[in-house]
Amino acid sequence: MYLLNVNTQQLEDIHEWRPYAILSHAWRVGETHHFHAVGTESVRIQPGYEKVEMCCELARQDGLDYVWIDTCCADANSSAARTETAMSAYTWFQQAQVCYTYLDDVDGSEDPREGYSTFRHSRWFKRAWTLQELLAPKHVFFFAKDWTMIGTKGGLSSVISSITGIHKDALEYPERVPRFSVATRMSWAKGRMSTKEEDKVYAVMGLFGVNLPILYGEGETKTFLKLQNEIIKTTDDQSIFAWCPAAGASASSDSHASGLLLADNSTYFADCGDVQRIPYDRWSEYCAKHFCSKNITYPQLGVDPTCRGIQATLPARQRGVGLEALLACARGPAVWNGSDYVASVNKADLVCIRLQQNNHGYERVDKGHLETVGIDDSKKFSLLDIHICASQPYLDLGVPSYRNWLLNSFLYIIPPSVLFLMYQSHKASL
């Protein structure tokens with residue numbers, strides 16, 4: 001990790017942690033990287049370098065010797081450095097002593113709380129990468145275009161929440177960000193843009209504690225499917241399936257590429273900020289009481305993704321030629337239980353998805369909005385093992401069918417003798 005010494009304005013390759021400040025900003029047209037020019041006289045006249053000098057001055061005033069700034073501490077010509085920055089940015093912002101956020105389109109003489117303020121309409125709130133730069137640091141100070149201090153993240157949390165849709169607690173308690181449901185965190189990315197479409201996905205990796213290989217040219221949809229697949233490996237939170245298609249698109253149309261429980265991009269979660277997960281112990285207890293069936297005596301919260309689709313154990317009921325299935329999540333206010341933000345299962349409207357049967361199992365269909373079932377109506381459901389088929393974009397991810405990503409997932413248990421016969425049959429056919 002390279003840090004800029006605020007006194008010498010020279011880069012230092014730091015291998016042991018040092019206290020540092022960090023700068024968040026939105027790039028301007030014509031702004032350049034300074035990595036290879038740092039320490040030279042010419043760097044001072046390069047577009048955007050005044051941000052570096054002002055950041056160094058603020059850090060000196062706060063008693064810090066180092067700063068990290070993306071325009072000069074990351075080598076834009078090195079693919080390895082770009083990958084490290086993308087994968088580590090959330091952690092770097094999280095570990096910074098303070099984050100200075102420079103808004104070059106905000107008037108420092110205005111009250112940011114007023115509805116007409118330039119603060120509310122700053123382009124900084126629309127950039128993909130600035131989401132993690134807002135959420136990760138504990139201390140964030142906002143500065144206007146003349147470097148007048150506007151306020152702090154904590155002091156302006158109500159305003160920022162109304163601008164972004166982010167829960168106030170996520171702004172005031174950064175350590176609680178991972179405790180919100182997957183759907184809620186996904187919804188915070190709504191309306192954010194990036195120069196490269198894949199960066200819309202890479203910019204939210206830190207919110208879920210996962211990493212992806214940084215590849216450009218695959219497109220947003222395939223990259224977002226990879227992200228969801230990585231998230232599924234780490235959590236039993238079924239709100240990752242509680243999305244609804246983007247405005248004007250139907251999940252059963254060609255615009256929905258995955259053809260199963262996964263969404264094409266983060267816009268599918270734009271209206272899901274109030275979707276809360278139901279903890280496994282509460283859901284297990286509720287399922288055992290209301291959804292037990294002859295074939296399944298113990299409810300399973302997880303799902304098992306394979307190269308052919310997703311195998312899930314869900315409460316379901318027949319509807320025409322298809323099914324209505326319930327997820328372990330609900331719409332409603334987030335309730336902090338001391339360790340997570342969850343839904344109250346006794347008062348909740350449970351999230352419901354529709355599935356229609358095809359030649360290989362089921363596929364998801366939607367009407368353009370996220371459906372729910374009242375808690376009383378949900379008692380008409382029973383637990384079923386359901387296979388949701390994958391279409392080609394998901395198959396292209398190369399998800400191995402023999403791996404079980406979730407601790408609580410449903411397992412197919414094949415006796416060793418049957419496996420041996422299958423092996424012998426395959427060997428004979430070669």
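Taking 0.36 nm per residue of sequence separation and subtracting the Cα-Cα distance, how much length would be gained by fully extending the chain between residue 53 and residue 88, in nm to one decimal?
Stretched out fully, the residue 53 to residue 88 stretch lengthens by 10.2 nm.
Determine, from the Cβ-Cβ distance of residue 175 and residue 10 and an R0 of 30 Å, the FRET efficiency 1/(1 + (r/R0)^6), rounded to the nearest 0.05.
Step by step, r from the Cβ atoms, then E = 0.35.
Calculated FRET efficiency, residue 109 and residue 195, Cβ-Cβ r, R0 30 Å, to nearest 0.05?
That gives a FRET efficiency of 0.45.
Hey, which lysines would be in cross-link range of residue 233, C-alpha to C-alpha under 18 Å, not counting anything within fewer than 8 residues on its own chain?
The qualifying lysines are 222.
Report the label-to-label distance for residue 161 and residue 285 in nanometres (one decimal), using points 7 Å from each Cα along the Cα→Cβ vector.
Reported label-point gap for residue 161 and residue 285 is 2.8 nm.
For residue 140, list long-range residues whose amide hydrogen, built 1.01 Å from N in the peptide plane, is under 5 Å from its own amide hydrogen.
For residue 140, whose amide H was placed from the backbone, the distant partners under 5 Å are 99, 153, 154.
Using the Cα atoms as the points, what is the convex hull volume per residue of segment 175-232 in Å³?
Dividing the Cα hull volume of segment 175-232 by its residue count gives 83 Å³.
Could you order 148, 101, 234 by accessible surface area, starting with the largest, using a probe radius of 1.4 Å? The partial results should precede the final answer.
Numbers: 148 55, 101 0, 234 90 Å².
Reading off the accessible areas and sorting them downward yields 234, 148, 101.
Which links in 168/190; 138/347; 347/380; 126/347; 51/126 stretch past 28 Å when you go from one Cα to the other?
Details: 168/190 17 Å; 138/347 34 Å; 347/380 17 Å; 126/347 35 Å; 51/126 20 Å.
Where the Cα-Cα span goes over 28 Å, the pairs concerned are 138/347; 126/347.
Starting from the Cα-Cα distance between residue 147 and residue 61, subtract it from 0.36 nm times their residue separation and give me the gain in nm to one decimal.
Working: separation 86, 0.36 × 86 = 30.96 nm, distance 1.40 nm.
Taking residue 147 through residue 61 to full extension adds about 29.6 nm, to one decimal.
Order 161, 79, 239 by their accessible area, 1.4 angstrom probe, all chains in place, largest first.
Ranked list, largest accessible area first: 79, 161, 239.
Per residue, how many Å² of accessible area does segment 112-204 show with a 1.4 Å probe?
40 Å²
Given a 1.4 angstrom probe, I'd like the percentage of the accessible area of segment 1-69 that is carbon and sulfur, rounded to a whole number. Let's see the in-between values first.
Working: 1790 of 3500 Å².
The value for segment 1-69 is 51 percent carbon and sulfur by accessible area.
Highest mean first, what order results for 134-142, 151-159, 183-191 on Cβ atoms within 10 Å? Let's see the in-between values first.
Details: 134-142: 21.7, 151-159: 16.4, 183-191: 24.0.
Taking the mean over residues of other Cβ atoms within 10 Å, the ranking is 183-191, 134-142, 151-159.
Can you pull the accessible area of residue 275 for me, 1.4 Å probe, Å² to the nearest 10?
0 Å²
Please work out how much length the chain gains when fully extended from residue 116 to residue 293, using 0.36 nm per residue of separation minus the C-alpha to C-alpha distance, in nm with one decimal.
The residue 116-residue 293 span can extend by a further 58.0 nm.
Could you provide, to the nearest whole Å², the per residue accessible area of segment 52-92 with probe 1.4 Å?
For segment 52-92, the solvent-accessible area averages 41 Å² per residue.
The values are calculated or read from the model by the stated rules, or taken from the named source; none is laboratory data. All values reported here derive from a predicted model rather than from experimental measurement. For neighbour counting, all protein chains shown are included, and Cβ atoms are generated from backbone atoms with ideal geometry for every residue, glycine included. All accessible areas refer to the heavy atoms of the entire protein, side chains included, with ligands and DNA or RNA removed. Shrake-Rupley method; radii C 1.70, N 1.55, O 1.52, S 1.80 Å.
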